[in-house]
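As structure tokens, the structure follows; a few thoughts come after it.
The values are calculated or read from the model by the stated rules, or taken from the named source; none is laboratory data. These numbers come from a predicted model, not from an experiment. Backbone-built Cβ (ideal geometry, glycine too); neighbour counts: all protein chains shown.
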Amino acid sequence: MNCKNCNTALYKNSSYCYMCGGKVIRNRLTLKNLFESFSEQFFNYDNKFLQTFINLFKKPEDVIESYINVTRKKYVNVISYFAIAITITGLYIFILKKYFPDSIDYSILSPEGQEEFQERNVNFVQENMSLFMMLYVPLYALIARISFVGFNKFNYTELLVVFLYLQAQMSIVTAIASILFSLFNVHQGVLSLVFTPLMVLYTAICLKRLYSLNTKQIILRTLLFVAVLLVVFVIISVVMGIYMFLNGDFQQIIDTQKAAKGS
């Protein structure tokens with residue numbers, strides 16, 4: 001029998017290939033062994049995914065610095081973990097749209113006359129959530145590089161790793177929580193109001209441990225991070241406002257509001 005990964009000849013009772021380390025699978029694929037493989041990969045306490053998820057709360061510095069320092073057998077590598085988070089995010093959006101559409105209907109929170117515009121924006125964000133997740137990471141890494149000036153422990157590339165892990169972790173938790181709370185008819189807008197400060201707090205705690213800062217230092221750096229982020233969002237909002245003005249969306253909103261008041 002030869003290894004199906006590298007075609008190396010194997011001993012009769014080999015469980016793993018001595019050349020590439022691949023597991024020797026002799027049975028045909030069935031639903032039973034497919035489920036057993038899935039359970040072993042994701043639900044066994046000793047597996048990398050569960051350990052990565054748990055320790056990104058308990059000791060995030062160990063997970064992140066293990067990858068940065070090239071000790072990468074203990075946890076899921078950052079790219080794979082981020083890819084899992086994107087998959088889970090896409091799945092949770094599908095579930096909400098399919099089974100809990102009222103929980104993501106932001107039109108009820110929109111000013112009168114802007115319901116259609118708000119719905120269009122929400123749909124755009126949901127359909128491109130993976131892209132937004134990928135765009136957040138380099139932006140946050142850049143802001144962290146600015147906010148933590150004077151602390152040269154991490155370069156920009158290493159900060160990308162930091163925020164890939166943190167963004168993935170927060171996305172997984174948000175997805176799970178969103179589905180659970182939707183069972184109790186909790187609107188996603190309410191959840192976002194609760195989760196946003198919790199995400200800021202989680203990020204601050206992780207950065208505090210990564211940079212070995214005291215409480216005063218992390219509070220000041222977090223405030224600076226938020227301030228820079230707000231400036232970036234203001235700039236983005238101005239650019240979007242100019243774009244809306246040029247393509248007629250801004251005038252359409254005004255006309256819709258006037259019609260709503262007139263009726």
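Can you confirm whether Ala175 is over 23 Å from Gln217 (Cα atoms) and either in a helix (DSSP H, G or I) or assigned by TED's automatic domain parsing to the domain that holds Tyr81 (or both)?
Details: over 23 Å from Gln217 (Cα atoms): yes; either in a helix (DSSP H, G or I) or assigned by TED's automatic domain parsing to the domain that holds Tyr81 (or both): yes.
Yes: the conditions hold for Ala175.
Does Phe42 fit the bill of being at pLDDT below 90, surrounded by fewer than 17 Cβ atoms within 10 Å (Cβ to Cβ) and either under 23 Å from Ala177 (Cβ atoms) or among the hydrophobic types (A, V, I, L, M, F, W, C) (or both)? Before you say what the answer is, go through the steps one by one.
Details: at pLDDT below 90: yes; surrounded by fewer than 17 Cβ atoms within 10 Å (Cβ to Cβ): yes; either under 23 Å from Ala177 (Cβ atoms) or among the hydrophobic types (A, V, I, L, M, F, W, C) (or both): yes.
Yes: the conditions hold for Phe42.
Please determine, by comparing only the residues of the stretch 145-169 that are more than 20 Å from Leu223 (Cβ to Cβ) and of a type in the set (A, V, I, L, M, F, W, C), which one is nearest to the chain's Cα centre (by Cα).
My answer is Ala168.
Any idea which of Ser182, Ser192, Ser212 is touching a residue at least 60 places away in the same chain (Cβ under 8 Å) and polar (S, T, N, Q)?
Ser182
Just name the residue that is nearest to Ala144 (Cα to Cα) out of those in the stretch 189-226 that are surrounded by 12 or more Cβ atoms within 10 Å (Cβ to Cβ) and small (Gly, Ala, Ser).
Ala204
Tell me, please, whether a residue that is under 20 Å from Tyr67 (Cβ atoms), of a type outside the set (A, V, I, L, M, F, W, C) and either at pLDDT 95 or above or more than 13 Å from the chain's Cα centre (by Cα) (or both) can be found in the stretch 172-192. Steps first, please.
Taking the stretch 172-192 as the starting set, the residues that turn out to be under 20 Å from Tyr67 (Cβ atoms) are 172-173.
The next check asks that each one be of a type outside the set (A, V, I, L, M, F, W, C); those that pass are none.
No: the stretch 172-192 contains no residue that is under 20 Å from Tyr67 (Cβ atoms), of a type outside the set (A, V, I, L, M, F, W, C) and either at pLDDT 95 or above or more than 13 Å from the chain's Cα centre (by Cα) (or both).
Which of (1) at pLDDT below 90; (2) surrounded by 13 or more Cβ atoms within 10 Å (Cβ to Cβ); (3) over 18 Å from the mean Cα position of the chain (by Cα); (4) in a helix (DSSP H, G or I) is the odd one out, the single condition Ile108 does not satisfy?
(2)
Conditions: (1) assigned to a helix (DSSP H, G or I); (2) out of contact with any helix residue (DSSP H, G or I) (no Cβ under 6 Å at 6 or more places or on another chain); (3) free of Cβ contacts under 8 Å to residues at least 60 places away in the same chain. Thr71 meets all but one. Number of the miss?
Here Thr71 clears every test but (1).
Determine which single condition Asn128 fails, assuming it passes every other condition in (1) under 20 Å from Leu201 (Cα atoms); (2) polar (S, T, N, Q); (3) surrounded by fewer than 17 Cβ atoms within 10 Å (Cβ to Cβ).
Only one criterion in (1) under 20 Å from Leu201 (Cα atoms); (2) polar (S, T, N, Q); (3) surrounded by fewer than 17 Cβ atoms within 10 Å (Cβ to Cβ) is unmet by Asn128, namely (1).
The conditions are (1) more than 17 Å from Phe94 (Cα to Cα); (2) modelled with pLDDT under 90; (3) outside any loop (DSSP other than H, G, I, E, B), and Pro138 fails exactly one of them. Which is it?
Looking at each condition in turn, Pro138 falls short on (2).
I'm checking my understanding of the structure. Among residues of the stretch 141-172 that are aromatic (Phe, Trp, Tyr) and in a helix (DSSP H, G or I), which one is surrounded by the fewest Cβ atoms within 10 Å (Cβ to Cβ)?
Looking at residues that are aromatic (Phe, Trp, Tyr) and in a helix (DSSP H, G or I), I get Tyr156.
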